[in-house]
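One structure is given below, encoded as structure tokens.
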């Protein structure tokens, strides 16, 4: 059909329809292009979200590993803290024990100094010595001050000396004393005493009885023991050494609270 054969009205209608068709086609193309761009953008966005998700997964795994390691460290710290608490408790006990031992040592030292002062005149006159033997205070009286050779009867001057000693000992409250008899290594020749054991023990008993019965000390504070020649303080090879070994010792015994606590060594069946 030729356009010129159409009426002007139909021609106008035909041209309008053709123009409208072209317009609709362009719109569709634009919409398709826009959709393609949107689809590409959506794909890019999805890819970015997947990368972010993968990064989050990796971060979560790393965090989980750190938390696990932290949990192990915390448990280790708890174990160490518990051990440290035990060490601190033991250290505290040791410190308290050392302080108590220091207090007791200072108390013994004060008592020792007081005894030295009280015994000063007797020490200066040679009637006794005061010494510290194995952390115990010892009053040492030579045998010739108290007894004649080979005898166990107190001499008058020996009794007077013991009375002075008892005055000092009685002033020390809460303490007990052991009277220890010692001899040299020369065997005794006496029908009354069969050996130095009997002689040293008899002399210790005589001194103990005098302190209790005459000097007024209570019996629960006094004990007696004979050591013969088993604990010399000098060599028995010389007369001077043998004379020093023949002696009576009055030993200030430790209190029970000064002795070590051995209860931890006792088994459940001990004493049964």
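The values are calculated or read from the model by the stated rules, or taken from the named source; none is laboratory data. The shown structure was predicted, so the numbers you read here are calculated from the model rather than taken from an experiment. Here the Cβ is made from the backbone with ideal geometry for all residues, glycine too, and neighbour counts use every protein chain on show.
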Among helices (runs of 4 or more DSSP H) completely within the range 141-226, the ones holding 2 or more residues that are touching a helix residue (DSSP H, G or I) at 6+ places or on another chain (Cβ under 8 Å), free of Cβ contacts under 8 Å to residues at least 12 places away in the same chain and within 30 Å of residue 107 (Cα to Cα) are none
Being in the same structural domain as residue 251 (by TED's automatic domain parsing), touching a strand residue (DSSP E or B) at 6+ places or on another chain (Cβ under 6 Å) and within 30 Å of residue 172 (Cα to Cα) narrows 131, 125 down to just 131
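Condition check ((1) touching a strand residue (DSSP E or B) at 6+ places or on another chain (Cβ under 6 Å); (2) exposed (fewer than 14 other Cβ atoms within 10 Å of the Cβ); (3) modelled with pLDDT of 95 or more) across all residues:
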| residue | (1), (2), (3) |
| --- | --- |
| 226 | yes, no, yes |
| 230 | no, yes, yes |
| 235 | no, yes, yes |
| 252 | yes, no, no |
| 256 | no, yes, no |
How many residues of the range 137-158 are surrounded by 15 or more Cβ atoms within 10 Å (Cβ to Cβ) and closer than 16 Å to residue 179 by Cβ? The answer is 13
Taking the range 107-134 and keeping residues surrounded by fewer than 12 Cβ atoms within 10 Å (Cβ to Cβ) and assigned to a loop (DSSP other than H, G, I, E, B) leaves 125, 126, 134
Checking 99, 66 in turn, the sole residue that is at pLDDT 80 or above and not assigned by TED's automatic domain parsing to the domain that holds residue 174 turns out to be 99
Those residues of the range 187-197 which are farther than 9 Å from residue 152 by Cβ and surrounded by fewer than 18 Cβ atoms within 10 Å (Cβ to Cβ) amount to 187, 189, 190, 191, 194, 195, 197
